[in-house]
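Input: a single structure, listed below in structure tokens.
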Amino acid sequence: MAPSGLILLFYFVFYAFLAGMFCLTMWVMLQTLDENIPTYQDRVPSPGLVIRPHAAEISFNRSDPTNYNQYTQHLHNFLQNYNDSVQERNDLCLVGEYTDQDAEPVKKVCQFKRSLLRQCSGLSDSSFGYAEGKPCIIIKMNRVIGLKPQGDPFINCTAKKNSPLQIRYFPSEGRLDKMFFPYYGKNTHADYVQPLVAVQLLLSKEDLNVEQTVECRVEGSNLRNNDERDKALGRVTFRVLVSE
Amino acid sequence: MGYGRSDSYRVATTQDKDKSPKKKKGGKDMDELKKEVPITEHKMSIEEVCRKFQTDCVQGLTNAKAAEYLIRDGPNALTPPPTTPEWVKFCRQLFGGFSVLLWTGAILCFLAYAIQAATEDDPAGDNLYLGIVLTAVVVITGCFSYFQEAKSSKIMESFKNMVPQQALVIREGEKVQINAEEVVGGDLVEVKGGDRIPADIRVVSAHGCKVDNSSLTGESEPQSRSPDNTHDNPLETRNVAFFSTNCVEGTARGIVICTGDRTVMGRIATLTSGLETGKTPIAKEIEHFIHIITGVAVFLGVTFFILAIVLGYSWLEAVIFLIGIIVANVPEGLLATVTVCLTLTAKRMAKKNCLVKNLEAVETLGSTSTICSDKTGTLTQNRMTVAHMWFDNQIHEADTTEDQSGASFDKSSVTWLSLARVAGLCNRAQFKAGQDALPILKRDVAGDASESALLKCIELCCGSVRANRDRNKKVAEIPFNSTNKYQLSIHETEDTNDNRYLLVMKGAPERILDCCSTIMVQGKEQPMDEELKESFQNAYMELGGLGERVLGFCHTMLAEDQYPKGFAFDTDDVNFQTDQLCFIGLMSMIDPPRAAVPDAVGKCRSAGIKVIMVTGDHPITAKAIAKGVGIISEGNETVEDIAARLNIPVSQVNPRDAKACVIHGTDLKDLSQDQMDDILRNHTEIVFARTSPQQKLIIVEGCQRLGAIVAVTGDGVNDSPALKKADIGVAMGISGSDVSKQAADMILLDDNFASIVTGVEEGRLIFDNLKKSIAYTLTSNIPEITPFLLFICANIPLPLGTITILCIDLGTDMVPAISLAYETAESDIMKRQPRNPFRDKLVNERLISIAYGQIGMIQAVAGFFAYFVILAENGFLPSRLVGIRLNWDDRSVNDLEDSYGQQWTYEQRKIVEFTCHTAFFVSIVVVQWADVIICKTRRNSVFQQGMRNKILIFGLFEETALAAFLSYCPGMDVALRMYPLKPSWWFCAFPYSFLIFVYDEVRKLLLRRNPGGWVERETYY
């Protein structure tokens, strides 16, 4: 019993020491980190695009509200942060200019009111057009610390189909304003909201019951939107099927 | 003569009536074969034999009868041992031993992939790839070792003598030359000097016929054959000659009594091929190792299976995890490493003239604790050589070494010149033509072994014997026969003015002495007085006691008045003086030990290996050689020696007092198993003399019963059953018979017993080094498994992927693991006892404890550190990682938030994950640097051992370069999903690498400081 007890004790001490050494090295490593900005950002040189509601395929029956309720509910939840009441606390920034504030210890947040999305804000039409069969999809660009897109970035969506699809953009032309850049990170920029673009698919009668594949890209800037491997980089593809 | 020769082989009483023994293994037939030879024809009269075979001893068989017998008995050839078809050999390589583990792994992988494919839309290919790689590894390694062994067997085949044998038979009164295969029982055959005996024959008539039975009995001296039955034992009697032995000289006629597999030789060959051999020690070790590994794998697998169920994974997922963990425990590279290590050693041994037929046998010599060695041809040169001479009342020693480097004696004495003249003239042996370029000792001689010995001795000392014979023309000769026991010839003298004839004579010393009235001392004839006779007797006894065959020599000048020039000497009706001769001296011959043998035996002894001599030769000769080579070491006595020294009867000597013993075959057969065990256990120095092939087998079995790992060396057919039964049979490449080479696992290409020592050394070294290789390879298993375990338990992104694991096991770990096979021994491995196969395992729990529990854990921590560093520096702090797995691996989540609020697409974060895999991989390489350095030694500090292993240093650079290549080569991101690392990430594992080195140096320091202490008991593998 004693010898096996001894070896157990040895292993206990050994692993305790090993754990201690691991903690020490981890602690040393964590000391080298900046709390506001990650050491390396080369793996996120360019932001990805995602849509809300979060689904690869949005398919619903426009005449049955229970059918699309999950989508509209999702959008309402998502837009809580953009409520005008919340956003009014934030600052107004210069349109078309970067909001550089590297020196300030507390970064100000530029306001992006939900109402900017008009028909797609869910304020006037709480079904976001789903009831009419003209669904709104909100496109958002990933937050990347320090990212300053060159040029004038805007979202452009195309349907992968012969006949062109009528698409309406909010804000107009799908513009992503430069004033929302750069982002300074969760720590100092806690209330930051990224700019959104809502696209409303104005589906015609013939488009109903037909699956629409739509691809949206960020254009007009240096942001990548045609990466071979990463299909979410600067673009997003989704399918919409509206039935009656 | 000088031999205390007595009867020997067991007498058979039953007639073997049944047809060729069936090869039913382990059954009655094998026991039957282990019994002695059932020949009775030697006791019958010639007429009876003729009647039995319906033949005639003058006319031979009729052609019709011969044809009938041929159909009945089949051809007169040995059934070749059932050769394993090539594909079976190949399959054995593919599915044997270690491969089973890999096959199981591969099948589990395919199973896991099948489950995934059936349940998921987009199954990860990892399990499929892993299965394919595992299969490929087994197949490639299998092919490799198959070709390796095929190469050895090709060398084997080149030994085979493919010339068909011919035989001269008399059928219907006519002599016909036929193929030896067509000889049938009852055939009357004629053999002459130089022929190979075509079957077992009962001699009908003989003229000076001598046969060399050494391949059958191990007796190096040719024996004469005559029609008379001289012994009850068929192997001893003079009137039977045996299949495949050689007729040295003379002619003989005989009736064939046995053919093919029914011959004595055939029975031995059948016995040999019927013997089943056990597993090699290394195969047992690998089996043990597989048990341990499987145990660990199943334990881990089941534990985490239960844990996965508890954590709420689905059954199917848990099963996939279970399989994954079990497979992760399979050391993919180890099979290849072990094979390459063994092959390297086999190559090294082949360079030192040990050809290994079976790769696994490489290690067996290292574990050997007992060597049973045949005498003739293995320990001795299998060549009669003049060893001593007695003249001028003094014993002189001749040089018996193979290269004539030994001591010489005074050659200026006139007596010596006379002795040399007699020995040269009264000698019928002569060198075969066309060998003038060869050194004298290497030349072939036509003639009897003792005469050849004399011829070579004289040729060496006194120049050309032929020229001497030409100068002294032979005018008459009486050849040696067993009634006279002397040989005599009369020559003209070389002095042309001297018309006297010279009579020279040699023979059994006591017979020669009787013919003499004077003796030559210092070149002068003196009357033979009692004192000189006494002195002669002492010398004769002494030389006889050395196991040597002694011959006496005398001469006289025949008086010219009685025997004038042209006198017609009549050798049949002797019309000249054969007494009143002048005695010159004695010469004694022995088959001397090979020069390197005593040293080799000494080395074996200091390596704790018991060397037993097992020979068919006579006890006195055997004992003399045993003493000569150190098998019976100086100062050790047998029971008989003690009895002689104390002058008491043998029965009063306590057998325990005698360390050495010489056991006669006849005694051996009466021993019970317990008595046998007792002898083998209590005597350290044993010589078995007059043993039959069956008894050799029994001796080997006896040693094995006591737990010894037995090596048997031998060259004759009589050794082959023992060679086969032994854990490792070692046959002689030059002098060995085909049957013995077939039965053996290893072949000494230079017939030198000393090569065995090399084999032992290499075998022990490779065992130690394999331990090191395995310890090294197994260590990296832990950093390979733990990532997966943490992935399951803590739901973190996978730290190390399948591809990177394979890159370690089959890539970076390979060369360093193999390089450990080149490591030199830590201490003198030839000074320690052979390993105990029950205690000293190749892989034991202490090795696992060190490799898995200690070093492996440090390595795993090093890998995880690198993993956390990369993720943290990219924005994912450790706190964020726990539980992130589901979102992390979800393709549709393209905005996963890190600790800084940045959002990542699936592809972006996967690149970080794969960078982590690369960094984990590089970290393992870095900690494996330290691991290979600490694995160099098991006890010594690396500072004592040094870094002289160039292959290992190359290995260190190679693995680093390979790791850098895999990380930085463009295109690797697509091919293997490995990404370039920032230089600083290479250094993450450095502190841990350093820790491993320091930790193990301290451990080994404690180990050396307290031999037998706790550290040694718990950690010395």
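Only a single item in (1) farther than 24 Å from A:Cys157 by Cβ; (2) loosely packed, with under 13 Cβ neighbours inside 10 Å is not met by A:Glu57, and it is number (1).
Among the conditions (1) more than 30 Å from B:Ala975 (Cβ to Cβ); (2) within 10 Å of chain A (Cβ to nearest Cβ); (3) within 60 Å of the chain's Cα centre (by Cα), the only one that B:Ala851 does not satisfy is (2). Checking B:Gly702 against (1) under 20 Å from the mean Cα position of the chain (by Cα); (2) outside any helix (DSSP H, G or I); (3) of a type outside the set (D, E, K, R), which test does it fail? Condition not satisfied by B:Gly702: (2). From the list B:Leu765, B:Leu806, B:Leu789, the lone residue that is in contact (Cβ under 8 Å) with a residue 12 or more places away in the chain, surrounded by fewer than 24 Cβ atoms within 10 Å (Cβ to Cβ), in a helix (DSSP H, G or I) and in contact with an Asp or Glu (Cβ under 7 Å, 6 or more places away or on another chain) is B:Leu806. Restricting the range B:1004-1016 to residues that are within 13 Å of chain A (Cβ to nearest Cβ) and either touching a Ser or Thr at 6+ places or on another chain (Cβ under 6 Å) or of a type in the set (A, V, I, L, M, F, W, C) (or both), which is surrounded by the most Cβ atoms within 10 Å (Cβ to Cβ)? My answer is B:Val1015.
Summed over the range B:973-997, the residues that are more than 19 Å from B:Thr915 (Cβ to Cβ) and of a type in the set (A, V, I, L, M) give a count of 2. Annotation: of all residues in the range B:854-871 being within 21 Å of A:Leu9 (Cβ to Cβ) and more than 10 Å from chain A (Cβ to nearest Cβ), the one that is surrounded by the fewest Cβ atoms within 10 Å (Cβ to Cβ) is B:Gly856. Count of the range A:6-29 residues, restricted to those that are under 30 Å from A:Pro105 (Cβ atoms) and either facing chain B (nearest Cβ under 7 Å) or more than 35 Å from the chain's Cα centre (by Cα) (or both), is 2. For the range A:201-244, the tally of residues that are assigned to a loop (DSSP other than H, G, I, E, B) and either hydroxyl-bearing (Ser, Thr, Tyr) or within 14 Å of another protein chain (Cβ to nearest Cβ) (or both) stands at 12.
Let's see how each residue does on (1) out of contact with any Cys (no Cβ under 6 Å at 6 or more places or on another chain); (2) modelled with pLDDT of 85 or more; (3) within 20 Å of B:Val189 (Cβ to Cβ):
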residue: B:Lys23; (1), (2), (3): yes, no, no
residue: B:Lys28; (1), (2), (3): yes, no, no
residue: B:Leu33; (1), (2), (3): yes, no, no
residue: B:Ala67; (1), (2), (3): yes, yes, yes
residue: B:Pro82; (1), (2), (3): yes, no, no
residue: B:Cys91; (1), (2), (3): yes, yes, no
residue: B:Phe98; (1), (2), (3): yes, no, no
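Going by the conditions given, is A:Leu6 over 30 Å from A:Ala190 (Cβ atoms) and either part of a strand (DSSP E or B) or out of contact with any helix residue (DSSP H, G or I) (no Cβ under 6 Å at 6 or more places or on another chain) (or both)?
yes
Scanning the range B:281-328 for residues that are without any contact (Cβ under 8 Å) to a residue 24 or more places away in the chain and under 16 Å from B:Ile782 (Cβ atoms) turns up B:Gly295, B:Phe299, B:Thr303. Restrict the check to the range B:395-412 and report whether at least one residue is surrounded by 19 or more Cβ atoms within 10 Å (Cβ to Cβ) and closer than 25 Å to B:His491 by Cα. No, the range B:395-412 contains no residue that is surrounded by 19 or more Cβ atoms within 10 Å (Cβ to Cβ) and closer than 25 Å to B:His491 by Cα.
Taking the range B:519-627 and the strands (runs of 3 or more DSSP E) fully enclosed by it, the elements with 1 or more residues that are of a type in the set (Lys, Arg) are at B:524-527, B:549-558, B:610-614.
Determine if the range B:100-118 includes at least one residue that is in contact with a Leu (Cβ under 7 Å, 6 or more places away or on another chain), surrounded by 14 or more Cβ atoms within 10 Å (Cβ to Cβ) and free of Cβ contacts under 8 Å to residues at least 24 places away in the same chain.
Yes, there is a match, as at least one residue in the range B:100-118 is in contact with a Leu (Cβ under 7 Å, 6 or more places away or on another chain), surrounded by 14 or more Cβ atoms within 10 Å (Cβ to Cβ) and free of Cβ contacts under 8 Å to residues at least 24 places away in the same chain.
Residues of the range B:159-179 that are modelled with pLDDT of 85 or more and either of a type in the set (A, V, I, L, M, F, W, C) or surrounded by 14 or more Cβ atoms within 10 Å (Cβ to Cβ) (or both): B:Ala167, B:Leu168, B:Val169, B:Ile170, B:Arg171, B:Glu172, B:Val176, B:Ile178, B:Asn179. Restricting the search to strands (runs of 3 or more DSSP E) fully inside the range A:84-188 and requiring at least 3 residues that are away from every other protein chain (no Cβ under 14 Å), farther than 25 Å from A:Tyr68 by Cβ and in contact (Cβ under 8 Å) with a residue 60 or more places away in the chain gives A:151-159. Taking the stated definitions as given, is A:Leu49 in a loop (DSSP other than H, G, I, E, B), under 19 Å from B:Glu897 (Cβ atoms) and aliphatic (A, V, I, L, M)? Here the answer is no, as A:Leu49 does not meet what is asked. Within the range A:33-54, residues that are more than 7 Å from chain B (Cβ to nearest Cβ) reach partners that are among the hydrophobic types (A, V, I, L, M, F, W, C) and part of a loop (DSSP other than H, G, I, E, B) with beta carbons closer than 7 Å, at six or more positions or on different chains, in the pairs A:Ser46/A:Leu223; A:Pro47/A:Val144; A:Pro47/A:Leu147; A:Pro47/A:Leu223; A:Leu49/A:Ala232.
For (1) surrounded by fewer than 23 Cβ atoms within 10 Å (Cβ to Cβ); (2) of a type in the set (Phe, Trp, Tyr); (3) free of Cβ contacts under 8 Å to residues at least 12 places away in the same chain, each residue gets a yes or a no:
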residue: B:Leu877; (1), (2), (3): yes, no, no
residue: B:Arg880; (1), (2), (3): yes, no, no
residue: B:Leu886; (1), (2), (3): yes, no, no
residue: B:Val893; (1), (2), (3): yes, no, no
residue: B:Glu897; (1), (2), (3): yes, no, yes
residue: B:Phe914; (1), (2), (3): yes, yes, no
residue: B:Phe921; (1), (2), (3): no, yes, no
residue: B:Ala930; (1), (2), (3): no, no, no
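Listed conditions (1) without any contact (Cβ under 8 Å) to a residue 40 or more places away in the chain; (2) of a type outside the set (Asp, Glu); (3) outside any loop (DSSP other than H, G, I, E, B) are all met by B:Ser418, apart from (1). Checking each residue in the range B:200-230 for being under 24 Å from B:Lys696 (Cβ atoms) and part of a loop (DSSP other than H, G, I, E, B) picks out B:Asn213, B:Gly218, B:Glu219, B:Ser220, B:Glu221, B:Pro222.
Looking at the structure I just gave you, is A:Lys160 more than 19 Å from the chain's Cα centre (by Cα) and surrounded by fewer than 22 Cβ atoms within 10 Å (Cβ to Cβ)? Considered against the rule, which asks whether it is more than 19 Å from the chain's Cα centre (by Cα) and surrounded by fewer than 22 Cβ atoms within 10 Å (Cβ to Cβ), A:Lys160 comes out as yes. Pick out, from the range B:839-893, the helices (runs of 4 or more DSSP H) lying fully within it that include 1 or more residues that are within 30 Å of B:Thr937 (Cβ to Cβ). The qualifying helices (runs of 4 or more DSSP H) are B:845-848, B:856-873.
The values are calculated or read from the model by the stated rules, or taken from the named source; none is laboratory data. It should be emphasised that the depicted structure is a prediction, and the values quoted were computed from it without experimental measurement. Quick reminder, even Gly has a Cβ in these numbers, built from the backbone with ideal geometry, and neighbours come from all protein chains shown.
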